[in-house]
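S.K.: Sharing a structure, written as structure tokens. Questions coming.
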Amino acid sequence: MQMGIEQSGSGGKGKVSNESRRNKRRQKKLSPVQKMYETCHDVFANCEPGVVPAAEQIEKLAACLDKMTQADVGLKPNMQFFNDKRAPVITYLHLHECEKFSIGIFCLPPSSVIPLHNHPGMTVFSKLLFGTMHIKSYDWANEVDKNPDGAIVDANPPKSHPNGLRLAKLKVNSEFTAPCRPSILYPTDGGNMHVFTARTACAVLDVLGPPYNDPEGRHCQYYFDFPFADFPVDGLSVDEDKKAQHAWLKEREKPDDLNVVGVLYNGPKLLKK
């Protein structure tokens, strides 16, 4: 009986080894877009609203997206989606959506804007495939610690203003030109509310986990942002060097001039599970 167990164990190892080799060969044959999809499938397998994948899973998907190029998804800057005469029309190429995650590509003509909006309970990866884009992002400010003179030391429960504004802390306010590393935002950190402004024609690959879902309360909200100094609050002040790091945000209706047209993805084939 002992010998039988040992032989069975040895055979099992051989099967595992063969399976591992087959998986490696299969991975080599997969297209980049298929690898991206399968990586998302693994990373977001246990995804729930507000639940962030483990750090090693985050890095796994970030590394996969970092390798993605415009050619991998069948895009070229001279395609009609990016013609400056189409601005401000933005095209969204739908690759995949399930209850765990979504994959899509925003195609922005020069000067077009995706206005300030949020990603409730989501972990979001954005990869600029080509072009130059300005990104401005905020996180909600939490409880405010103060100096004895009332100045903000650090903004961390969202602070509100009598007129309905909420205090936010600036996370990013910079231009990015491809190739560059993917940006990652989390449910409460990393710039959960952001605005994209295309300086040139741009393509942005977006992965959301979990995706927006109106019936479950994960709908996209839009905001105005105002300088902190525009709406002073008694007893609350900000040092001069920190004023630019804080702003007031106010929820708004979806902008009338936001024109996003959904188009089915027609790039390299994607086999879904």
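S.K.: So how do H96, H134 line up by other beta-carbon neighbours within 10 Å, fewest first?
M.R.: Lowest count first: H134, H96.
S.K.: By its C-alpha gyration tensor, with a ≥ b ≥ c as the square roots of the eigenvalues, how is region 180-258 shaped: rounded for a/c under 1.5, else prolate for a/b larger than b/c, else oblate?
M.R.: In terms of gyration-tensor shape, prolate.
S.K.: Would you grab the residues whose amide H sits under 5 Å from the one on H96? Only those 5+ places off in sequence or on another chain, please, with H modelled 1.01 Å from N.
M.R.: Result for H96 returns I103.
S.K.: Computed FRET efficiency, Cβ-Cβ of K273 and E253, R0 41 Å: what is it to the nearest 0.05?
M.R.: 0.65
S.K.: For every other residue with a beta carbon closer than 11 angstrom to the beta carbon of M133, add +1 if it is Lys or Arg and -1 if Asp or Glu, then tell me the sum.
M.R.: +1
S.K.: Please give, to one decimal in nm, the separation of the simple spin-label points placed at A229 and D241, each 7 Å out from Cα toward the Cβ.
M.R.: 1.7
S.K.: Oh, and also: Count charges around R181 for me, please; just the other residues with Cβ under 14 Å from its Cβ, Lys/Arg as +1, Asp/Glu as -1.
M.R.: Local net charge: 0.
S.K.: Oh, and also: Work out the FRET efficiency for V89 and S31 from their Cβ-Cβ distance, taking R0 = 25 Å, and round it to the nearest 0.05.
M.R.: For V89 and S31, the calculated efficiency is 0.30.
S.K.: Could you estimate the translational diffusion coefficient of region 28-98 from the Stokes-Einstein equation, with Rh from the Kirkwood formula over C-alpha pairs, at 37 °C and 0.692 mPa s, in whole µm²/s?
M.R.: This corresponds to a translational diffusion coefficient of 228 µm²/s.
S.K.: Here's another thing I want to ask about it. What ranking, highest mean first, results for peptides 173-182, 194-203, 242-251 when packing means the other Cβ atoms within 10 Å averaged over each residue?
M.R.: Ranking, from highest mean packing down: 194-203, 242-251, 173-182.
S.K.: Run the Debye formula on the Cα coordinates of region 31-264, all scatterers equal and no solvent, and tell me log10 I(q)/I(0) at q = 0.09, 0.10, 0.16 1/Å.
M.R.: Log10 I(q)/I(0), no solvent term: -0.40, -0.49, -1.16.
S.K.: Give me M36, M79, M193 sorted ascending by neighbouring Cβ count inside 10 Å, so fewest comes first.
M.R.: Least crowded to most crowded, the residues run M79, M193, M36.
Quick note: the coordinates plus some simple rules give every number you see, no bench work behind them. Computed from a predicted model, the values in this text were never measured in an experiment. Cβ sites come from the backbone with ideal geometry, for glycine too, and all protein chains shown count toward neighbours.
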